[in-house]
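K.L.:
This is the structure I want to talk about, given as structure tokens.
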Amino acid sequence: MTSMSSIVLAASEHADVVPVAADGVFSWMWLLVAIPAVSAAILLIGDGAGDHGPLDRFGHLLGTAAAIASFVVGVVGFVALLGQDVAERAVTQDLWTWMQVGGFDVTMSVYYDQLSALFVLLITGVGSLIHVYSIGYMAHDPRKRRFFGFLNLFIAAMLVLVLAGDYLVLFLGWEGVGLASYLLIGFWQEKRSAAVAAKKAFIVNRVGDLGLALGIMLMFAQFGTTNIHEVGLNVTNASQSVATALGLLLLLGACGKSAQVPLQSWLLDAMEGPTPVSALIHAATMVTAGVYLVVRSAAIYDLSEVARTAVVIVGCVTLLFGAWIGCAKDDIKKALAGSTMSQIGYMMLAAGLGPAGYAFAIFHLITHGFFKANMFLGAGSVMHGMNDDVDMRHYGALRKLMPLTFITFAMGYLAIIGFPGFSGFFSKDRIIESAFATNFWAGLAALLGAGVTAFYMTRVMILTFFGERRWREDVHPHESPKIMTVPLIVLAALSVVGGALTFSDWIEDWLTPVTGSEHHELGVPAWVITLIIVAVVAVGASLAYVLFARRDVPDTAPQQVSVFTRAGRADLYGDAVNEAVFMRPGQYLTRSLVYVDGTGIDGAVTGTAELVGDGARGLRRLQTGFVRTYAAEIFGGALVLVLALLAVNLA
Amino acid sequence: MTVEPFIGLSALLFAIGAIGVLVRRNAIVVFMCVELMLNACNLSFVTFARAHGNLDGQVAAFFVMVVAAAEVVVGLAIIVSIFRTRRSASVDDASLLKL
């Protein structure tokens, strides 16, 4: 990494932020969490589960209303924050003391600043739209009350995560969203694949959570506090190795939650959940929590170049990894999931660039939240019309029958490939530029990723909406009801205009107090890079056009394919590696432990018993039952005794 | 007084009794041989009591006689009851008390 020396200066910049006590509107920010939490509690433990009580008939409306109410509170808070002085935009409100043990003190507090405010808007805004969409999507599900309860639980937990002023409270939200994710991936638990996918997501996330938990313990051991602000102040006085260890541990946590290599394997399977869940949790919000963690811990990463480099490497590897997988999948949701991994890789890459990239990571996170939620919901709308078929080879020519879905999906498509003027263009362009300015290879990986993204998204687009109709016979595609298309239209509009956040550097300036800022000069003018990116994107898209639009699409996936395609279809052997490296050795370990337990430990115990038993069985022969034998033994004994006495006396 | 003849007789009687216990199968005969051994011991006791001129050995002999009488009562009762159930007085037939 080059030109990292100036970063320590930038670090001291945002450590200067002094949170002010909340008053006025800000003292009501706890409502953000409380509303969906109460709604979730009512929906999940309210009486009459399973029968057709009022909660079963109107519960989805309550859940949606709770999400919208939370969004309204978020908007009010955001507007109020805009009205504050820059120095007073980090407000904190202590609610109660969660735990107090000796000098260790964890306060349940709401920490609302520029970064939290953006996340709150994204979570509650996109969350509300997806709640509305779910009313239509889950209309015929007998357990939709539970579904909305879980969604509310997720919103509440995610808001705890982003409003936490203490790493331990953040961890509470972190585990809460993990639980909600588990419950919602396995929502159709009668499907074995869904149940297994939920378990897999949960277990892989535990590995990451271990990193985060160890990081928090290290903070406590080193600084005696887990308060985010205080850790940020203390870490500047700590040694380099502590900062590096903290950075790497937090990165492990981020990798688990954000499906980054090497903990990426759960995200593709997570698509077993209902599509609104994939859109909300596994595209727009929860999986970006890792990026949030890195940006929130900017004070730590600013001090450790090793940790930052690790973040950049993870980001680069994942963005190419996800893009590769996205190219090979025929399942529309899995193609989009690969794309999600890839886009979060971009965010990680940006976050790893330090103060030069934090703001762009968050910017891309927000635009990605819009266009990826849009495309997932669009995919859900397509599936809705295609009898829940997810194989893109069975789609084709849907643009005329699903005009609204097609147009909104196209907006998301143009945004994600970075078509000039759309939101993704601005956010991805900024990341690639800063990557090039910091490290040529990271920039090259990001540029290549942009081309591949254009390729596989064009493929998804062509296979789904263009070409010949390849539908199954009993499928009658139709446009989805208004309750589903209206959220699509709103998200499509946001995908188009989301780039406006960066006009006159608004989002960079807005986040500077939290993340610091730094500008690296490029060797070439920025428009040259932009031009190159657009050219690469055009090449990727044209390649997909030549390969998929100009030829017939086989109804089943061809088996005679290149090594690359085969690897992509197998998720780049992520599961195979996990199985070979962790699962099988683990199994062998447990089996050998069972063997040691069975033969060694149990062997010692049963062996002793058997030895005693065998000895007793031998001695038993002496007990013949014949009186005369006993008499002979007694005489023999007496004789020996007498002889011994005589020998002693005579000696 | 010479003790050797008495002790010799006692030893002889004891040996006869011991051999009888070991080689005979009839419970009554075994029983009598036991009595013979006890009385061989009694003979030794009184011989040495006489030789030493005190009464300790004679007291011991009385104890042996009392115990022997009690033992005879119990033992004969057992032998009779075994004979009633098994129609046999052979000690080898009563060999069930084993593993």
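The values are calculated or read from the model by the stated rules, or taken from the named source; none is laboratory data. These figures come from a predicted structure and were not determined experimentally. Ideal geometry is used to build each Cβ from the backbone, glycine not excepted, and the neighbour counts take in all protein chains shown. These accessible areas exclude ligands, DNA and RNA; they are computed on the full protein's heavy atoms, side chains included. Shrake-Rupley method; radii C 1.70, N 1.55, O 1.52, S 1.80 Å.
K.L.:
Select, from A:GLN84, A:GLN93, the only residue that is free of Cβ contacts under 8 Å to residues at least 24 places away in the same chain and over 26 Å from the mean Cα position of the chain (by Cα).
P.N.:
Being free of Cβ contacts under 8 Å to residues at least 24 places away in the same chain and over 26 Å from the mean Cα position of the chain (by Cα) holds for just one of A:GLN84, A:GLN93, which is A:GLN84.
K.L.:
Going residue by residue through the range B:29-50, is there one that turns out to be out of contact with any Gly (no Cβ under 9 Å at 6 or more places or on another chain), away from every other protein chain (no Cβ under 14 Å) and aliphatic (A, V, I, L, M)?
P.N.:
yes
K.L.:
Considering only the range B:29-54, state which residues are free of Cβ contacts under 8 Å to residues at least 12 places away in the same chain and within 22 Å of B:PRO5 (Cβ to Cβ).
P.N.:
B:HIS52, B:GLY53, B:ASN54
K.L.:
Looking for whichever is surrounded by fewer than 23 Cβ atoms within 10 Å (Cβ to Cβ) and either within 29 Å of A:TRP324 (Cβ to Cβ) or touching a residue at least 60 places away in the same chain (Cβ under 8 Å) (or both) here; the options are A:LEU488, A:LEU511, A:LEU463, A:LEU448. Which one fits?
P.N.:
Answer to the check: A:LEU448.
K.L.:
Same structure, new question: Sort out which residues of the range A:335-371 are under 15 Å from the mean Cα position of the chain (by Cα) and over 16 Å from A:TYR292 (Cβ atoms), and write them in order of number.
P.N.:
A:LEU336, A:ALA337, A:GLY338, A:SER339, A:MET341, A:SER342 - these are the residues of the range A:335-371 that are under 15 Å from the mean Cα position of the chain (by Cα) and over 16 Å from A:TYR292 (Cβ atoms).
K.L.:
In the range A:615-651, which residue that is outside any helix (DSSP H, G or I) and either under 60 Å from the mean Cα position of the chain (by Cα) or within 30 Å of B:GLY75 (Cβ to Cβ) (or both) is nearest to the other protein chains (Cβ to nearest Cβ)?
P.N.:
Only one residue tops the list, namely A:GLY625.
K.L.:
Could you name every one of the helices (runs of 4 or more DSSP H) located completely within the range A:1-92 that has at least 3 residues being modelled with pLDDT of 95 or more?
P.N.:
Of the helices (runs of 4 or more DSSP H) lying wholly inside the range A:1-92, those with at least 3 residues that are modelled with pLDDT of 95 or more span A:31-45, A:54-82.
K.L.:
Could you tell me whether A:VAL20 is out of contact with any Lys or Arg (no Cβ under 8 Å at 6 or more places or on another chain) and under 17 Å from A:ILE123 (Cα atoms)?
P.N.:
no
Condition check ((1) among the β-branched types (Val, Ile, Thr); (2) exposed (fewer than 14 other Cβ atoms within 10 Å of the Cβ); (3) modelled with pLDDT of 95 or more) across all residues:
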| residue | (1), (2), (3) |
| --- | --- |
| B:VAL21 | yes, no, no |
| B:ALA68 | no, no, no |
| B:VAL72 | yes, no, no |
| B:LEU76 | no, yes, no |
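K.L.:
Can I ask one more? For the range B:13-28, how many residues are in contact (Cβ under 8 Å) with a residue 12 or more places away in the chain and at the interface with chain A (Cβ under 8 Å from one of its Cβ atoms)?
P.N.:
Residues in the range B:13-28 being in contact (Cβ under 8 Å) with a residue 12 or more places away in the chain and at the interface with chain A (Cβ under 8 Å from one of its Cβ atoms): 3 in total.
K.L.:
Run down A:VAL196, A:VAL204 and say which single residue is open to solvent by 10 Å² or more (accessible area, probe 1.4 Å), at pLDDT below 95, under 25 Å from A:GLY380 (Cβ atoms) and touching a Leu at 6+ places or on another chain (Cβ under 7 Å).
P.N.:
Testing whether each residue is open to solvent by 10 Å² or more (accessible area, probe 1.4 Å), at pLDDT below 95, under 25 Å from A:GLY380 (Cβ atoms) and touching a Leu at 6+ places or on another chain (Cβ under 7 Å) leaves just A:VAL204.
K.L.:
For B:ASP93, only one of the following conditions fails: (1) within 14 Å of chain A (Cβ to nearest Cβ); (2) in a helix (DSSP H, G or I); (3) out of contact with any Gly (no Cβ under 6 Å at 6 or more places or on another chain); (4) not basic (Lys, Arg). What is its number?
P.N.:
Here B:ASP93 meets the rest and fails (2).
K.L.:
Hey, which of the helices (runs of 4 or more DSSP H) in the range A:285-384, taking only ones fully inside, have at least 1 residues that are in contact with a Gly (Cβ under 6 Å, 6 or more places away or on another chain) and among the polar types (S, T, N, Q)?
P.N.:
Ranges flagged: A:305-328, A:332-352.
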